[in-house]
Amino acid sequence: MKLTLLGTGTSFGVPVVGCDCRVCTSEDPRDRRDRSGALLDLPEGRLLIDTPPELRLHLLREKVDRIDGVWLTHPHADHLHGLDDLRVFSTRHRSTITAWIADAHRDVIERRFPYVFDEGTEVPVGTTLPRIEVRSIEDGRPVDILGARIVPIAVPHGSTRSYGFRAGSLGYVTDGKSLPPEALEILAGVDTLVINALWWGNPHPTHFNIEEAIHAAQRVGARETWLVHLTHRVLHAELENDLPDGIRPAWDGLSLELPDGAGAT
Ligand SMILES: [Zn+2]
Ligand SMILES: [Zn+2]
Ligand SMILES: [Zn+2]
């Protein structure tokens with residue numbers, strides 16, 4: 001099993017348009033943070049985690065020629081609005097891509113992309129659509145995906161919930177403000193944790209700040225924790241120095257080799 005982080009930035013991305021702060025103008029490539037998404041290579045195929053707006057560029061960068069499924073964490077624009085870029089796979093492989101989506105998010109996602117999800121959509125000759133079949137996920141109920149057992153983890157994210165997951169020794173939690181007891185239970189014993197964090201100080205209503213993410217990570221106790229969804233308020237090199245042992249800032253393109261997800265809890 002392998003996890004590749006496509007983007008590790010917050011919803012504005014870094015650099016922020018029109019900003020000349022020291023992070024947005026940094027020459028360290030690790031200070032470029034696209035909107036958040038990931039690729040998870042499972043025993044029987046490749047699961048895309050979210051469809052951020054830069055998805056096409058991510059797929060080119062990682063030389064991806066095939067996607068076998070997509071997991072949509074929640075319907076915020078920074079995680080969803082690249083959905084149309086799945087069209088190339090439906091067209092090339094003449095196949096339907098399975099999307100795993102929580103029931104609570106299904107309506108809003110389908111309404112955001114009616115031309116994809118409305119069964120009555122007519123496709124004029126010579127044009128193409130992403131072909132997507134939706135399957136439902138529920139907090140804490142394991143699903144078998146591409147040869148691995150994946151356990152959805154719902155975390156509070158303002159007025160909504162974001163659905164991360166556990167796959168074998170990996171825990172992936174994007175866009176959350178806390179880890180409820182049920183989430184901690186599912187994450188118990190993970191070796192690698194990916195978790196969102198914005199900046200130091202100044203608590204945000206819907207996301208962990210870095211202090212809160214450290215606290216959450218220490219409760220999980222993974223051997224390695226990677227921070228994602230970072231803003232332009234943190235310089236990669238400084239953050240690398242300032243975090244406790246075992247907790248590090250991720251960067252776009254970071255790839256993590258992990259034990260196989262098959263037969264996980
Ligand atoms: Zn986000
Ligand atoms: Zn900036
Ligand atoms: Zn969000």
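A few notes on this one:
This table checks each residue for (1) surrounded by 13 or more Cβ atoms within 10 Å (Cβ to Cβ); (2) small (G, A, S); (3) under 25 Å from R223 (Cα atoms).
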residue	(1), (2), (3)
R106	yes, no, no
F117	yes, no, no
V123	no, no, no
I150	yes, no, yes
G164	yes, yes, yes
T174	yes, no, yes
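- Counted residues, region 223-232 - those being in contact (Cβ under 8 Å) with a residue 40 or more places away in the chain and either surrounded by fewer than 17 Cβ atoms within 10 Å (Cβ to Cβ) or in contact with an Asp or Glu (Cβ under 7 Å, 6 or more places away or on another chain) (or both): 1
- Candidates K2, K63, filtered to the one that is away from ligand 1 (no atom under 12 Å from the Cβ) and at positive phi: K63
- Candidates L57, L47, filtered to the one that is more than 16 Å from ligand 1 (Cβ to nearest atom) and surrounded by 18 or more Cβ atoms within 10 Å (Cβ to Cβ): L47
- Sole residue being of a type in the set (V, I, T), farther than 22 Å from I195 by Cβ and within 16 Å of ligand 2 (Cβ to nearest atom), chosen from V23, V17, V64: V17
- Hits in region 202-236 - residues which are within 20 Å of L256 (Cα to Cα) and touching a Lys or Arg at 6+ places or on another chain (Cβ under 8 Å): E224, T225, W226, L227, L230, H236
- Only listed residue being surrounded by fewer than 21 Cβ atoms within 10 Å (Cβ to Cβ), farther than 22 Å from R35 by Cβ and out of contact with any helix residue (DSSP H, G or I) (no Cβ under 6 Å at 6 or more places or on another chain), chosen from R112, R94, R87: R94
- With a requirement of 2 or more residues that are in contact (Cβ under 8 Å) with a residue 60 or more places away in the chain and of a type in the set (S, T, Y), the strands (runs of 3 or more DSSP E) lying completely within region 113-178 that satisfy it span 160-167.
Read-outs throughout are calculated quantities, based only on the coordinates presented, and are distinct from any laboratory measurement. Being a predicted model, the structure only gives us computed values, none of them experimental. Note that we place each Cβ from the backbone using ideal geometry, even for glycine, and neighbour counts take in every protein chain shown.
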